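First comes the structure, then the notes that go with it.
The values are calculated or read from the model by the stated rules, or taken from the named source; none is laboratory data. Since the structure is predicted, the reported quantities are computational estimates derived from the model, not experimental observations. Note: ideal-geometry Cβ built from the backbone for every residue, glycine included; neighbour counts use all protein chains shown. All accessible areas refer to the heavy atoms of the entire protein, side chains included, with ligands and DNA or RNA removed. Shrake-Rupley method; radii C 1.70, N 1.55, O 1.52, S 1.80 Å.
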Amino acid sequence: MVAFLTGAIGLWIVAIPLGHAGIVAVRRGRATTRGFAVAGTILGYVGLALTAVLVWFLLRGPQPETLDAYAHHDVVEVGNAVARAVEQDESLPTVEAAGEGYIVAGTQIAGLLETQRSVALTPVGDEGWCLELDYVGGIEGSWSFHFADGVTKGGTCAAA
């Protein structure tokens with residue numbers, strides 16, 4: 001009975017040995033609640049397996065496709081901030097990856113990408129610019145935001 005209760009409240013590590021002990025006690029004639037012992041043992045192993053799967057999902061981190069989507073979001077947000085700064089000041093602002101986001105012309109921009117990354121702003125011609133975001137862990141590896149062409153995967157600022 002105790003094995004079943006501990007398994008039911010999530011104490012799986014305790015439920016497994018108690019369940020086995022209960023099964024042994026039933027075999028030796030010291031207990032009569034075999035069903036609760038078996039149920040506690042099963043709950044313990046199932047809970048332990050589910051916990052292991054959950055920990056595996058949490059530790060492996062986001063999928064490469066998710067990182068690419070986060071990088072796309074970030075390059076759009078930072079590119080729009082650069083466009084606003086250029087419109088106000090008519091000069092290229094400073095841009096840097098900082099903490100969990102970015103800083104454009106002294107203004108903090110929130111980001112989704114939580115991996116190693118770098119951002120660079122390159123002048124294009126007399127009045128243009130191109131922003132490139134490089135990152136680790138995705139399929140693409142980089143995105144660019146060109147002042148005239150918009151967002152492109154694969155980071156094309158060097159060719160601009």
Taking region 24-36 and the residues there that are open to solvent by 60 Å² or more (accessible area, probe 1.4 Å) and assigned to a helix (DSSP H, G or I), the one that is nearest to residue 6 (Cα to Cα) would be 36
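One line per residue, one yes/no per condition, for (1) under 28 Å from the mean Cα position of the chain (by Cα); (2) open to solvent by 60 Å² or more (accessible area, probe 1.4 Å):
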residue: 10; (1), (2): yes, no
residue: 22; (1), (2): no, no
residue: 38; (1), (2): no, no
residue: 42; (1), (2): no, yes
residue: 76; (1), (2): yes, no
residue: 93; (1), (2): no, no
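Look at residue 71 and say whether it is under 17 Å from the mean Cα position of the chain (by Cα) and not in a loop (DSSP other than H, G, I, E, B). Explain how you work it out, then say what you get.
Values: under 17 Å from the mean Cα position of the chain (by Cα): yes; not in a loop (DSSP other than H, G, I, E, B): yes.
Criteria met by residue 71.
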Given (1) open to solvent by 60 Å² or more (accessible area, probe 1.4 Å); (2) outside any helix (DSSP H, G or I), identify the lone condition not met by residue 58.
(2)
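Give me a count of the residues in region 83-113 that are in a loop (DSSP other than H, G, I, E, B) and either in contact with a Pro (Cβ under 9 Å, 6 or more places away or on another chain) or farther than 20 Å from residue 150 by Cβ (or both). Let's see the steps before the verdict.
Restricting attention to region 83-113, the residues satisfying the condition of being in a loop (DSSP other than H, G, I, E, B) are 90-94, 99-100, 105-106, 111-113.
Going one step further and asking which of them are either in contact with a Pro (Cβ under 9 Å, 6 or more places away or on another chain) or farther than 20 Å from residue 150 by Cβ (or both), we end up with 90-92, 94, 99-100, 105-106.
Within region 83-113, residues that are in a loop (DSSP other than H, G, I, E, B) and either in contact with a Pro (Cβ under 9 Å, 6 or more places away or on another chain) or farther than 20 Å from residue 150 by Cβ (or both) number 8.
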